[in-house]
Amino acid sequence: MKIKEIEKLVYLLEKSGILEIEVTDFWGRKVRISKSSSQTVTHQVQKASVSVEKKKELLEEPQEQKKNLVTIRSPIVGTFYRASSPDSPSYVEVGDVIKPGQVVCIIEAMKLMNEIESDVAGRVLEILVKNEEPVEYNQDLFLIEPLKV
């Protein structure tokens with residue numbers, strides 16, 4: 001759920017006599033917003049908090065460090081898998097050096113396994129999604145430090 005959507009829910013809660021709203025999206029992520037008798041509005045987000053915190057850390061980094069980093073994004077909506085099967089090793093780990101065309105993960109959509117390849121040569125700095133987690137179109141999956149080949 002996007003921040004703007006959460007802000008709209010908070011606004012609706014403040015303007016109504018309702019004390020609590022809970023919304024569950026298609027992927028099972030929940031947002032619960034409630035207000036106490038003192039009109040204080042609180043909210044709780046489940047599942048998506050890890051990625052949001054990591055993105056927040058990246059935003060706080062100095063600009064010169066961020067501008068050199070590349071993200072690998074999801075080209076489709078689906079389920080993220082780090083390996084080809086549960087008993088296989090992950091395609092990449094943090095710290096691995098990857099090259100263009102190398103498979104970094106699989107995204108399953110409608111029972112089709114789509115291999116996601118890197119467009120750049122670089123070092124994997126961060127894996128932004130947990131294994132078997134649902135991903136959305138254009139969601140950041142990996143943070144890469146480009147290397148010259």
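Listed values, structure above:
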{"item": "Selection within the stretch 116-149 - among the basic types (K, R) and within 10 Å of the chain's Cα centre (by Cα)", "result": "K130"}
{"item": "Top-ranked residue of the stretch 121-144 - restricted to ones that are touching a helix residue (DSSP H, G or I) at 6+ places or on another chain (Cβ under 9 Å) and not in a loop (DSSP other than H, G, I, E, B), ranked as nearest to G28 (Cα to Cα)", "result": "D140"}
{"item": "Every residue from the stretch 96-112 that is under 28 Å from K2 (Cβ atoms) and part of a strand (DSSP E or B)", "result": "V104, C105, I106, I107, E108, A109, L112"}
{"item": "Condition met for K30 (at pLDDT 75 or above and of a type in the set (K, R))", "result": "yes"}
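Matching residues to (1) at pLDDT 80 or above; (2) polar (S, T, N, Q); (3) surrounded by 11 or more Cβ atoms within 10 Å (Cβ to Cβ):
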| site | (1), (2), (3) |
| --- | --- |
| S36 | no, yes, no |
| T71 | yes, yes, yes |
| Y91 | yes, no, yes |
| D96 | yes, no, yes |
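The values are calculated or read from the model by the stated rules, or taken from the named source; none is laboratory data. Every value quoted in this text rests on a predicted model; they were computed, and no experiment measured them. Please note: Cβ atoms are built from the backbone with ideal geometry, for glycine as well, and neighbour counts cover all protein chains shown.
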